[in-house]
Amino acid sequence: MDRAALADFLVRRRQDLVPADVGLPTGARRRTPGLRREEVAALATMSTDYYTRLEQRRGPQPSVQMLAALARALRLTPDERDYLYRVAGHSAPDRLAPGEYVAPALLRVLDRLSDTPAMVISALAETLVQNDPARALFGDQTAYVGLERSEVYRWFVRPGTERLRYPEVDRPRHSRALVASMRAAYGSMGPRSRAGELVRELQRLSPEFAELWERHEVARRFEDHKVLVHPEVGAIELDCQVLFTEDQSQALLVLTAAPRTEDDDKLRLLAVLGTQQFSARS
């Protein structure tokens, strides 16, 4: 671990950002450029004291989880993220493997979406980050661990909550779409990847998945129009728009309702209800 290089890098990247870059209000005029230490710490969900010690060259070696959080908070490019890991004494992550890293370009768009559900997902249907309206609609999708982080795994192995979000008539179509997306990920990542591990477990645990897998349908599918069922406000008709990274390893999903409709009113109601009632039923 190169404490001096790590500290200098963190300071420089923090000073290069302004609040608007990370979705924060500008607020009162600042005496120094860049974000404050406490703002970076909050974005990375760590204590301000811990982050301060890193910048002062006296902190302990950060874990890879801490580094992933810092890379996201500071909106680092893949090259900058790799450098961060190396000066902190860790190997750079495999760029082809899914993880906690979120493409800065997608984060910049997500930061500007505060009034409609939006989330960034990986090629394995793992929710990497979501805004407050998305948490109100789906619950906290980032809280899962292990293979359960993937919606595909939960859909076929723990179907209760996941399938209740869709009308029964739409569930077979969604099953096929999830498997087709998994085929695409498996093809690009290979059988020895995390995609391969996920597929083998799904084949073992879910006859439905195994049957659909044998169809060899391949597509990164997202319905342009879908109906989601929320336990508090009922069915909501939504349009779904998707923005992919260049390598299609991550996607930003944005869900909107037609303005001045009952569905638009339901989304606004969800913003008031928040996540508390939904989380209690998840």
| So, counting K/R as plus one and D/E as minus one, what does the shell of residues with Cβ under 9 Å around LEU107 add up to? | +2
| said: Given axes a ≥ b ≥ c from the Cα gyration tensor, I'd like to know whether region 1-41 is rounded (a/c under 1.5), prolate (a/b larger than b/c) or oblate. | reply: prolate
| remark: Helix-only [θ] at 222 nm, the chain, -39500 (n - 2.57) per DSSP H run of 4+, per residue, nearest 500, equals -13500 deg cm²/dmol
| query | When N is the residue count of region 24-66, what does its C-alpha Rg come to as a fraction of 2.2 N^0.38 Å? | reply | 1.30
| note | The size of the Cβ-based charge dipole (Lys, Arg +1; Asp, Glu -1) of the chain about the Cα centre, to the nearest 20 debye, is 880 debye
| field | Peptides 186-192, 134-140, 227-233 ordered by average Cβ neighbours within 10 Å, highest first | value | 134-140, 227-233, 186-192
| field | In nm, spacing of pseudo-spin labels at SER47 and ALA92 (7 Å Cα→C-beta vector) | value | 3.3 nm
| remark: Under the Karplus relation with 6.51, -1.76 and 1.60 and θ = phi - 60°, whole-Hz ³J(HN,Hα) for region 159-165, x at Gly and Pro, equal x, x, 5, 4, 6, 5, 6
| field | Length released on extending from ARG176 to VAL18, taking residue separation times 0.36 nm less the Cα-Cα span | value | 52.6 nm
| Ellipsoid equivalent to region 49-92 - semi-axes via the Cα gyration tensor, in Å | 17, 12, 9
| Globularity ratio of region 3-87, using Cα Rg and 2.2 N^0.38 Å | 1.02
| query | How long is the gain from GLU208 to ASP247 if the chain were fully straight, where each residue apart is worth 0.36 nm and the alpha carbon distance is subtracted? | reply | 11.1 nm
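Would you mind estimating how fast the chain diffuses translationally, via Stokes-Einstein at 37 °C and 0.692 mPa s with the Kirkwood radius over Cα pairs, in µm²/s?
Roughly 161 µm²/s, to the nearest whole number.
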| Extended-chain gain in nm, criterion 0.36 nm per residue less alpha-carbon gap, THR32 and VAL109 | 25.1 nm
| Whole-number percent relative contact order across region 42-166, with pairs defined as alpha carbons under 8 Å at least 6 apart | 14 percent
| message | Could you tell me the calculated FRET efficiency between VAL218 and ARG158, based on Cβ-Cβ distance and R0 = 25 angstrom, to the nearest 0.05? | response | 0.50
| query | Helices from the chain with mean Kyte-Doolittle at least -0.5 and a Cα length along the axis of 24 Å or more, per DSSP H: which? | reply | 171-189
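Values in this text are rule-based calculations from the coordinates and carry no lab data. What you see is a predicted model, and the numbers here were worked out from it, not measured in a lab. Please note: Cβ atoms are built from the backbone with ideal geometry, for glycine as well, and neighbour counts cover all protein chains shown.
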